[in-house]
Amino acid sequence: MKLIPWLITLLVLALLSAAASAFRQWQNNTPAIASEQTAAVTAQNVGSLWYRPTRQVSGVLKAPQYLELTNELSGTISRLNFSSGAVVEQDQVLLEIEHQEELARLQATEVRLAQQQKTVSRYQQLYQGQKVSTEALELAQARFSELQAEQQVLQSIIAKKVLKAPFRARVGIHDLQVGQFLESNKILTSLVGLTAYSWVDFSVPQSLPELAMGAEISVRLPGQSAAVTAQVISVEPEVSTQLRQLRYRARLPLPQQQLRANQLVQVDFATGEQVQLPAIPTTAVVRDQLGDYVYLLEKDQTGVLRARRQQVQLGARLGEQVLVTTGLQQAQLIAGEGAFKLRDGLRAEVTNTAASQLVAAREF
């Protein structure tokens, strides 16, 4: 009876030893891959985008017709024929400075001029009949020329005191009043011509390629999302000494009436030829102190996807896509979301949502 407990103990030990041996054999027969660390990521093929390098600078809208209205002669305003901000037509009288004295003198001169013209005609007839001397005829002709010159001087003075619009324009703000005395050469207001087009002046650093005459640029006006195409029509013959920039002028096919002179605009222009570059989502880019890189997903000898770190150089960002200048080729499979969890050689598990995205490279 005393041997029974010992037999039970020996039986239990034998069972435990057999179980341990079976577990070790199962563990040895189980593939190591079952316990290997895995990272779940999305994946997609590298696409491509057509891209043309551009540069963005600030430009200024200029009115093709613009002047500051000034009075050459002093005097009192006798007539005011325009209001602030109004549109005036070409040759419209804007302002008159008192010139009644000049008008009276002109009228008297014209009367004397008409009388002297009759005298010259009579002297010419008498001279032909040899009834007056050559000297008398010449004196009469000289007096006629003097009166003509006096007439032209008075007409010029009156014209300078009657200011007219040289072109159709919008007038600036002014504080002029009838009866106000004006000193000579005083700036009265501004005139902005209402042309069917506008100018855009902008400067380009000398380090960039020069723009050719007729080159197209994109102009983006404040508050408008759509850009307008303009054409380069002139270029400054020299580079500025301070900023080392070359100044250009482009013709913008928008009426000046819709714009504001001296308004700042955004100017975009091409600095190179159009090229096709690999494009990847921004979520695929991982950054550290060594630079930018992505993880390629490649199958090993057993057909398992593994990550391989690939250094890249990035170009322009276009929305949610970023261009790659070096380091990748179209159609290569890369990790997207979750790429930060990867390292070289780590097994990658593509999620179901990403598996449906494993398609051929897109062409744009």
Quick one: in segment 59-117, which of the residues that are acidic (Asp, Glu) and not in a loop (DSSP other than H, G, I, E, B) is surrounded by the most Cβ atoms within 10 Å (Cβ to Cβ)?
Glu102
Answer residue from segment 238-285, given it is assigned to a strand (DSSP E or B) and of a type in the set (S, T, N, Q) and is surrounded by the most Cβ atoms within 10 Å (Cβ to Cβ) among those
Gln245
Pairs with Cβ under 9 Å, 6+ apart, first in segment 88-111 and within 17 Å of Lys160 (Cα to Cα), second of a type in the set (Phe, Trp, Tyr) and surrounded by 20 or more Cβ atoms within 10 Å (Cβ to Cβ):
Gln92/Phe82; Val93/Phe82; Leu94/Phe82; Leu95/Phe82
When the residues of segment 286-307 are filtered to those that are in a loop (DSSP other than H, G, I, E, B) and touching a strand residue (DSSP E or B) at 6+ places or on another chain (Cβ under 9 Å), which remaining residue is least open to solvent (accessible area, probe 1.4 Å)?
Val304
State whether the residues of segment 153-163 include one that is within 41 Å of the chain's Cα centre (by Cα) and either within 14 Å of Leu69 (Cβ to Cβ) or not hydrophobic (A, V, I, L, M, F, W, C) (or both).
yes
Matching entry among Ala230, Ala212, Ala226 (being small (Gly, Ala, Ser) and either open to solvent by less than 50 Å² (accessible area, probe 1.4 Å) or closer than 24 Å to Gln90 by Cβ (or both))
Ala230
Of all residues in segment 126-166 being assigned to a strand (DSSP E or B) and not β-branched (Val, Ile, Thr), the one that is most open to solvent (accessible area, probe 1.4 Å)
Lys164
Do we find a residue being surrounded by 17 or more Cβ atoms within 10 Å (Cβ to Cβ), under 30 Å from Trp199 (Cα atoms) and of a type in the set (Gly, Ala, Ser) anywhere in segment 39-56?
no
Out of all the residues in segment 173-196, which are surrounded by 15 or more Cβ atoms within 10 Å (Cβ to Cβ) and either of a type in the set (Phe, Trp, Tyr) or in a loop (DSSP other than H, G, I, E, B) (or both)?
His174, Leu176, Leu194, Thr195
Taking Gln313, is it farther than 14 Å from Thr42 by Cα, modelled with pLDDT of 90 or more, buried (at least 17 other Cβ atoms within 10 Å of the Cβ) and not hydrophobic (A, V, I, L, M, F, W, C)?
no
Take the conditions at pLDDT 95 or above, open to solvent by less than 50 Å² (accessible area, probe 1.4 Å) and hydrophobic (A, V, I, L, M, F, W, C) and apply them to Val200. Does it pass?
yes
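The values are calculated or read from the model by the stated rules, or taken from the named source; none is laboratory data. Just so we're clear, the structure is a prediction, and the values are computed from it rather than from any experiment. Here the Cβ is made from the backbone with ideal geometry for all residues, glycine too, and neighbour counts use every protein chain on show. SASA here: full protein model, heavy atoms, side chains in, ligands and nucleic acids out. Shrake-Rupley method; radii C 1.70, N 1.55, O 1.52, S 1.80 Å.
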